[in-house]
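Visitor: Handing you a structure now.
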Amino acid sequence: AGVAMVNEFGIYDQTIVAAGAPTRSLLVFSGAAAPGATAEFSIAPVVGGGFALTIDGSSPIVFGSNQFGFFLRTRGSNGTSSPRTFYGDTGLNADGIDHLAAYAFSGPATQSNAALLAWEDLPGDAADRDFDDLVVHVQGATPVPLQPAGWLFASGLAVLAVTRRRRSTGVPVRMPSG
């Protein structure tokens, strides 16, 4: 989309959110990071609670837990437009659409728990939905499993969403089996 030179990528604390947006974050890449650029972040428990995160040995920032998400911030093609931040959690995006396509993979040539994070950096109707504006390879991160109650809640939402779609479109929706 022509804004790669001003895009920023980082991680945010999922447990500290105010006014609909995370309040604590850590920048991993900013602006003109070259293709193939790498960064290493580490997480360590803090006495008294929380977790200290560092990027390439930087000064630590303390998150409320070890649950974090990823974000993309862009300033537009000239770098002076108002910044827009898009989160991996669609519910935090002002335009309400997905800006992240995540693909998990593993195999002999990769470390365990590897993923590709592919980002769309344009908002709403302007989005071209190609998810090639920033692609990040993450490896060695361990996903936090959803607790059984969370799965029950999520499955209830899925049924509710399918039911709502069926009512609003009048078109039968077929659920895949198995």
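Visitor: Among the residues of the stretch 116-128, write down those that are surrounded by 18 or more Cβ atoms within 10 Å (Cβ to Cβ) and not in a loop (DSSP other than H, G, I, E, B).
Guide: Correct list: Leu117, Trp119.
Visitor: Moving on. Any idea how many residues of the stretch 129-154 are open to solvent by less than 80 Å² (accessible area, probe 1.4 Å) and either within 18 Å of Ala39 (Cα to Cα) or modelled with pLDDT under 85 (or both)?
Guide: So the count comes out to 9.
Visitor: What's the number of the only condition in (1) open to solvent by less than 70 Å² (accessible area, probe 1.4 Å); (2) touching a strand residue (DSSP E or B) at 6+ places or on another chain (Cβ under 7 Å); (3) modelled with pLDDT of 80 or more; (4) more than 17 Å from Asp13 (Cβ to Cβ) that Ser30 fails to meet?
Guide: Among (1) open to solvent by less than 70 Å² (accessible area, probe 1.4 Å); (2) touching a strand residue (DSSP E or B) at 6+ places or on another chain (Cβ under 7 Å); (3) modelled with pLDDT of 80 or more; (4) more than 17 Å from Asp13 (Cβ to Cβ), the lone unmet condition for Ser30 is (3).
Visitor: Hey, another quick one. Which one of these is loosely packed, with under 11 Cβ neighbours inside 10 Å and assigned to a loop (DSSP other than H, G, I, E, B): Gly91, Gly48?
Guide: Answer to the check: Gly48.
The values are calculated or read from the model by the stated rules, or taken from the named source; none is laboratory data. Since we're looking at a predicted model, the values are computed, not measured. Here Cβ is always computed from backbone atoms with ideal geometry, including for glycine, and neighbour counts include all displayed protein chains. Accessible surface is based on the protein model in full, side chains and every heavy atom, while ligands, DNA and RNA are left aside. Shrake-Rupley method; radii C 1.70, N 1.55, O 1.52, S 1.80 Å.
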